[in-house]
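J.: Okay, here's the structure, questions in a sec.
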Amino acid sequence: MLDIWTEKYRPSKLSAVIGESENINRLESFVKDKNIPHLIFAGPPGTGKTSTAIALARELFGDSWRDNFLELNASNERGIDIIRENIKNFAKIKPSNDLGFKIIFLDEADHLTPDAQAALRRTMEMYYNTTRFIFSCNYSSKIIPPIQSRCVVLRFSPINKNEMVSRLKAISKKENFEIDDESLDAIYEISEGDMRKAINILQAIKTTGKISPATIYQIAGEINKNEYKKLILMALEGNFDEARSMLDKMLVDYGLSGIDIIKGMHSSIRNEQIAYRQKLQIIMALAETEFRIVEGGTDNIQMDALLAKLSYIGSEIN
Amino acid sequence: MPLPDKYRPEKFDDIILPDDIKNQIKSWMDSWMRHEETKKALILYGTQGVGKTTLAGVISRCYNLPLIEMNGSDQRNRENMKKVALMAAEYRDLFNYEQNYPDRIILIDEADNIFESRDPAKGGDSGGISELLEIIKNTLNPVILTMNDFYEFKRKSSAREIISLSISMEITPYKKRSERNYHIYIQKLLERLKYIASNENIKINDSQLMEIIKKDEPDMRATLNDLELYRGGNNAEDAYRDEQESIYYVVSKTFKSGNYNDIINSLYAINGDTDFPGFYMQWLAENAGMEYKNPEDLKNIFDILSQADIYYNMRIRDYSLSSYSMEIAGGISFEANERNEHYVKYNFPAFIKNMSSRKGNTERYNIQTVLEKLALVNHMPSNEMAKYLWFYKFIKKHDRKLFSDIIKILEITDKEKNALE
C-alpha cells in the first residue's frame with residue numbers, strides 16, 4: 001500500500017469517522033437493522049462523505065465489502081449511459097452477502113444534468129431489490145426533487161478544530177514525530193475544515209523535516225500559488241479575453257470548480273494592497289458569484305460574469 | 001433603407017402569391033375601372049409579412065391611381081374616419097365625375113384595430129366601425145382594408161354589413177405545405193433572395209437562405225430582415241456545419257437585431273431539445289466579450305446572463321423557469337448602452353469545445369490522465385483531485401522514495417510526470 005496518509009489513516013469503522021456524530025448514530029442503527037435506505041451525503045470536500053460510505057460498507061459486508069460496493073463518479077465517467085451500463089452490470093450479479101443488497105456509491109452526483117438524474121431515478125427503482133444508492137454531492141440542491149424524496153439526506157460540515165487537531169496528533173504519534181500546538185493551529189487554519197487537505201499538509205511538513213508554523217504557511221503559499229492572483233489582476237487590467245482563457249484552463253484541464261477558484265481568489269487578495277473601496281467591491285463580487293453558483297448557476301457562465309465585473313471594477317480605478 | 005422596403009415588389013409579377021389571388025384582385029379593380037363595381041371594398045386578411053400592404057401599393061401603381069393611406073399609427077376615431085370618408089367620396093368635377101372616377105385608392109391598413117366602442121374608457125376611439133361602413137357605402141373610389149384577424153373583426157357590430165359590401169380574401173402564399181404553391185413559394189423566394197443578396201453584396205449560401213426561409217415562413221418581411229444579418233460577408237459556410245447555423249444565426253440576431261420580439265420568436269422557432277437554452281447561453285457567454293468592449297456594458301450583460309443561467313438551472317424545481325431564462329438571455333443586448341455596429345464573427349463556445357476535445361490535446365490529456373490515476377487511489381473524482389495536486393508536486397520535490405512508489409504503482413508515464421511540474 002502506498003504511504004499516502006490520507007488513505008493509510010482512512011477510518012475503517014463508523015465510530016472512527018470524525019464529524020457529525022448524529023449521522024454516525026443513524027448509520028449505526030441502519031447497520032444494526034442490516035438494511036439501509038437510499039442515501040444522499042451532502043457537504044464540502046474533505047468532510048468525510050467517502051470515508052463514511054466506505055466505513056458503512058465495511059461494517060455491513062465485512063471482508064467482502066469490495067465486492068458489494070461500487071464506486072462511480074458522475075464527473076469522470078461522462079455520459080449517463082456509461083454510468084447506467086456500469087450500474088446494470090453490477091446490479092445484475094446476485095449480492096455475495098446475506099443482506100441481499102449491494103451499495104452503489106455515486107460521487108459528485110450533482111454534476112449530472114437533470115435529465116441524466118431523471119434517467120437514474122428509473123434505474124434506482126428497477127434495481128431497488130438488490131441495490132442501494134449513496135449519492136455524494138457538494139450541494140443537495142442540485143439533486144432533482146424526485147431523487148431527493150427517495151433518499152435520506154445526511155449533511156456533512158467542515159471538521160471542527162478539536163476533532164481535527166486530535167486526529168492529526170494521533171497520526172503524528174503513529175508516524176513517530178512531534179508536532180507543536182501552534183503548527184497544528186496553523187494547519188487547521190489553512191485547511192478550512194477539510195480533513196484531506198489537513199492530512200496532506202501534515203505529511204508534507206513531515207517530509208521537509210522542519211515542522212513549524214512558518215513552513216506550514218510556506219506550503220500554503222504553494223497550494224494557492226499565484227494563479228488566482230494572476231487571474232484577478234488580468235481581469236482588473238481589462239484583459240477580459242485572456243482572463244477567460246486562463247479561467248477555462250482551470251475549469252477544464254484541472255477540473256477545478258467555480259467555488260474552488262473563487263475561494264482561491266478570495267484568499268489570494270485578502271492581504272493584497274488594493275484601494276479599500278475596490279477591495280470591498282471585489283469581495284462583494286466574489287460573494288455574489290459564489291452565492292449564485294450555490295443557487296445553481298453554471299460554473300463557467302457565473303465565472304465569466306465575475307471576470308466581467310472585475311474588469312469593470314478595474315476600469316473605474318483607471 | 002431596410003431591405004423589405006427597398007425591395008418591395010412593384011409589379012404583380014414580382015409578388016410571390018398564387019395567381020388566383022392576383023387575378024381576383026385584378027378583376028375587382030377592373031370592375032371599378034369599367035364602373036361596374038358591385039363590391040366597393042376589398043378586405044385582405046392574413047398573417048403578417050405576406051404582402052397585404054404591398055398588394056395595395058402594386059394596385060395603385062398598376063392602375064396609376066394615387067394611394068390615400070390611413071396607417072396603423074393614426075387614431076381610429078370617428079373624426080378621423082370622417083376625414084377619410086370625405087376623401088373617398090368627395091366629388092370634385094360636378095359635370096365630369098362619372099367619367100373621372102375612380103381617381104384614387106383608399107387604403108385602411110390594419111382595419112382590425114379600429115374601435116367601435118363609443119365609450120372613451122374602452123380605448124378612446126369611438127364609432128370607428130360604423131363610420132367605416134358609411135365610407136364603404138358612399139365611396140366613389142376603391143377601398144382596401146387590410147387586417148390580421150378577420151375572425152375577430154367579423155364579431156364587431158356593423159362588420160357584417162361591411163363584409164357583405166366587400167370581397168374578402170385570405171392572403172397567403174400557400175395553404176398547406178403539401179400543395180404546389182408551397183414549392184413555388186420556396187423557389188421564387190429563394191430566387192428573389194439570391195438576387196437581393198448579390199445586389200447587396202451579402203455573402204450567404206443556399207442552405208443558409210433556406211434556413212431563414214423555413215424559419216420565417218410565410219413571413220417574407222421577416223425573411224428579408226433576416227437576410228440583413230448576413231451582411232458583412234462571413235465565412236459561415238466553411239466554419240459551421242448545418243446544425244450550428246441556426247444557433248449562430250440566433251446569436252447574431254440577439255446581439256445585432258435590436259428587435260426583442262423577433263429574437264424571442266427565433267428562439268422558439270429553433271425548437272431545440274431541453275438543453276437548448278443552456279447551449280444558447282454558452283454561445284452568448286463566449287461571444288459577449290467580442291461584441292461589447294465597454295466594461296460597463298459587458299458587466300451588465302453578464303449580470304443578466306448569469307441571472308438567466310440561474311433560472312435555467314432552477315428548472316429542476318419549476319420547469320417554466322427554463323423558458324424565462326431563454327427569453328431573458330435573448331434580451332441581453334437591450335441592457336447595453338452601445339450597440340456594436342461592426343461585423344463580429346461568432347465562435348463556438350470554447351468551454352464546450354475544450355470539454356469534448358481534451359483527449360485530442362496532449363497537454364490536457366496528460367493532466368487529465370494523471371489526475372485520474374491519482375484520484376483512483378484516493379477514492380475521489382479526478383476533478384476534485386486537482387485541488388490536492390499540489391501535494392503530489394510537493395512529494396515529487398521532497399520525498400523521492402514515496403514519489404517513485406507512486407509512479408511505479410500508478411504506472412505514471414514520463415509525459416504525465418511532466419504534468420506534475
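The values are calculated or read from the model by the stated rules, or taken from the named source; none is laboratory data. Only a predicted model underlies this, so the values are computations on that prediction, with no experimental measurement involved. Counting neighbours? That spans all protein chains shown, and the Cβs are built from the backbone with ideal geometry, glycine included. Keep in mind that these areas ignore ligands, DNA and RNA; they rest on the heavy atoms of the full protein, side chains included. Shrake-Rupley method; radii C 1.70, N 1.55, O 1.52, S 1.80 Å.
J.: In this structure, does A:Arg26 turn out to be away from chain B (no Cβ under 13 Å), more than 27 Å from B:Met314 (Cα to Cα), of a type outside the set (A, V, I, L, M, F, W, C) and out of contact with any helix residue (DSSP H, G or I) (no Cβ under 7 Å at 6 or more places or on another chain)?
T.: yes
J.: Right, here's the next one. Counting only residues that are charged (D, E, K, R), out of contact with any Lys or Arg (no Cβ under 7 Å at 6 or more places or on another chain) and not in a helix (DSSP H, G or I), which one in region A:147-176 is nearest to A:Thr131 (Cα to Cα)?
T.: By that ranking, first place goes to A:Arg150.
J.: Could I ask something else about it? Looking only at residues in region B:383-398 that are touching a residue at least 24 places away in the same chain (Cβ under 8 Å) and either touching an Asp or Glu at 6+ places or on another chain (Cβ under 9 Å) or not hydrophobic (A, V, I, L, M, F, W, C) (or both), which one is farthest from the other protein chains (Cβ to nearest Cβ)?
T.: Per the stated criteria, the residue is B:Lys396.
J.: Which of the numbered conditions does B:Asn205 fail, given that it passes all the others? Conditions: (1) at pLDDT below 80; (2) surrounded by fewer than 16 Cβ atoms within 10 Å (Cβ to Cβ).
T.: (1)
J.: Hey, another quick one. Where in region A:41-146 are there strands (runs of 3 or more DSSP E), lying fully within it, with 1 or more residues that are more than 23 Å from the chain's Cα centre (by Cα) and within 14 Å of chain B (Cβ to nearest Cβ)?
T.: Once the strands (runs of 3 or more DSSP E) in region A:41-146 are filtered for at least 1 residues that are more than 23 Å from the chain's Cα centre (by Cα) and within 14 Å of chain B (Cβ to nearest Cβ), nothing remains.
J.: Note down all Cβ pairs under 6 Å where the first residue falls in region B:338-354 and is over 12 Å from B:Lys253 (Cα atoms) and without any contact (Cβ under 8 Å) to a residue 60 or more places away in the chain, the second is open to solvent by less than 50 Å² (accessible area, probe 1.4 Å) and in a loop (DSSP other than H, G, I, E, B), and they're at least six residues apart or on different chains.
T.: B:Glu338/B:Asn294
Results for (1) at pLDDT 90 or above; (2) surrounded by 16 or more Cβ atoms within 10 Å (Cβ to Cβ); (3) within 9 Å of another protein chain (Cβ to nearest Cβ); (4) in a helix (DSSP H, G or I), shown as yes or no for each residue.
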position: B:Ala269; (1), (2), (3), (4): no, no, no, yes
position: B:Met281; (1), (2), (3), (4): yes, yes, yes, yes
position: B:Ser306; (1), (2), (3), (4): yes, yes, yes, yes
position: B:Asp309; (1), (2), (3), (4): yes, yes, yes, yes
position: B:Tyr312; (1), (2), (3), (4): yes, yes, yes, yes
position: B:Glu327; (1), (2), (3), (4): yes, yes, no, yes
position: B:Glu341; (1), (2), (3), (4): no, no, no, no
position: B:Arg364; (1), (2), (3), (4): no, yes, yes, yes
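J.: Checking A:Val153 against (1) under 25 Å from A:Ile24 (Cα atoms); (2) in contact (Cβ under 8 Å) with a residue 60 or more places away in the chain; (3) open to solvent by less than 40 Å² (accessible area, probe 1.4 Å); (4) not hydroxyl-bearing (Ser, Thr, Tyr), which single condition isn't satisfied?
T.: Here A:Val153 clears every test but (3).
J.: List, please: which pairs have Cβ atoms under 9 Å, are six or more places apart or on different chains, and start with a residue in region A:127-140 that is closer than 15 Å to A:His111 by Cβ and end with one that is modelled with pLDDT under 85 and assigned to a strand (DSSP E or B)?
T.: If the second residue must be modelled with pLDDT under 85 and assigned to a strand (DSSP E or B), the pairs left are A:Ser136/A:Asn73.
J.: Whether any residue in region A:187-195 is within 23 Å of B:Ala386 (Cα to Cα), open to solvent by 60 Å² or more (accessible area, probe 1.4 Å) and touching a helix residue (DSSP H, G or I) at 6+ places or on another chain (Cβ under 7 Å) is what I want to check.
T.: yes
J.: Does region A:99-119 include one or more residues that are of a type outside the set (D, E, K, R) and in contact with a Cys (Cβ under 7 Å, 6 or more places away or on another chain)?
T.: yes
J.: Just checking, how many residues over region B:163-180 are over 18 Å from B:Ile15 (Cα atoms) and at pLDDT below 90?
T.: 4
J.: Report yes if A:Leu56 is touching a residue at least 40 places away in the same chain (Cβ under 8 Å), in contact with a helix residue (DSSP H, G or I) (Cβ under 7 Å, 6 or more places away or on another chain) and of a type in the set (A, V, I, L, M), otherwise no.
T.: The answer is yes for A:Leu56.
J.: Kindly indicate whether any position in region B:290-301 is open to solvent by less than 20 Å² (accessible area, probe 1.4 Å) and in a loop (DSSP other than H, G, I, E, B).
T.: Yes: one or more hits.
J.: Would you check if A:Glu178 is open to solvent by 50 Å² or more (accessible area, probe 1.4 Å), over 24 Å from A:Ser15 (Cα atoms) and without any contact (Cβ under 8 Å) to a residue 12 or more places away in the chain?
T.: For A:Glu178, the condition - open to solvent by 50 Å² or more (accessible area, probe 1.4 Å), over 24 Å from A:Ser15 (Cα atoms) and without any contact (Cβ under 8 Å) to a residue 12 or more places away in the chain - is not met.
J.: Identify all residues within region B:41-62 that are at pLDDT 90 or above and either part of a loop (DSSP other than H, G, I, E, B) or of a type in the set (Asp, Glu) (or both); write none if there are none.
T.: If the condition is that a residue be at pLDDT 90 or above and either part of a loop (DSSP other than H, G, I, E, B) or of a type in the set (Asp, Glu) (or both), then B:Gly46, B:Val50, B:Gly51 are the ones that fit.
J.: In this structure, is A:Ala74 in the same structural domain as A:Ile143 (by TED's automatic domain parsing) and modelled with pLDDT of 90 or more?
T.: no
J.: What number of residues within region A:199-214 are within 11 Å of chain B (Cβ to nearest Cβ) and assigned to a helix (DSSP H, G or I)?
T.: 10
J.: Taking only pairs six or more apart or across chains, which ones have beta-carbon atoms under 8 Å, a first residue in region B:13-36 that is more than 16 Å from B:Gly57 (Cα to Cα), and a second residue that is open to solvent by less than 60 Å² (accessible area, probe 1.4 Å) and of a type in the set (Lys, Arg)?
T.: Nothing qualifies.
J.: Right, here's the next one. Restricting attention to region A:3-23, which residues are surrounded by fewer than 18 Cβ atoms within 10 Å (Cβ to Cβ), at pLDDT 90 or above and more than 14 Å from every other protein chain (Cβ to nearest Cβ)?
T.: A:Lys13, A:Ser15, A:Ala16
J.: Being open to solvent by less than 20 Å² (accessible area, probe 1.4 Å) and under 20 Å from the mean Cα position of the chain (by Cα) is the filter here; which residues of region B:17-51 pass it?
T.: B:Gly46, B:Gly49, B:Val50, B:Gly51
J.: While we're on this one: Scan region B:208-231 for residues that are modelled with pLDDT under 85 and assigned to a loop (DSSP other than H, G, I, E, B) and jot them down.
T.: Of everything in region B:208-231, those that are modelled with pLDDT under 85 and assigned to a loop (DSSP other than H, G, I, E, B) turn out to be B:Leu229, B:Tyr230, B:Arg231.
J.: Residue by residue through region A:58-113, note down the ones that are in contact with a Pro (Cβ under 7 Å, 6 or more places away or on another chain) and more than 25 Å from B:Thr369 (Cβ to Cβ).
T.: A:Asn68, A:Phe101, A:Lys102 - these are the residues of region A:58-113 that are in contact with a Pro (Cβ under 7 Å, 6 or more places away or on another chain) and more than 25 Å from B:Thr369 (Cβ to Cβ).
J.: Also: What's the total number of residues in region B:399-421 that are more than 7 Å from chain A (Cβ to nearest Cβ) and part of a helix (DSSP H, G or I)?
T.: Adding up the residues that qualify gives 12.
J.: List the helices (runs of 4 or more DSSP H) inside region A:237-310, counting only whole elements, that have at least 1 residues being open to solvent by 50 Å² or more (accessible area, probe 1.4 Å) and among the hydroxyl-bearing types (Ser, Thr, Tyr).
T.: So the answer is A:240-252, A:276-294.
J.: May I ask you to list the residues in region A:103-139 that are of a type in the set (Asp, Glu) and open to solvent by 30 Å² or more (accessible area, probe 1.4 Å)?
T.: Residues satisfying the conditions are A:Asp115, A:Glu125.
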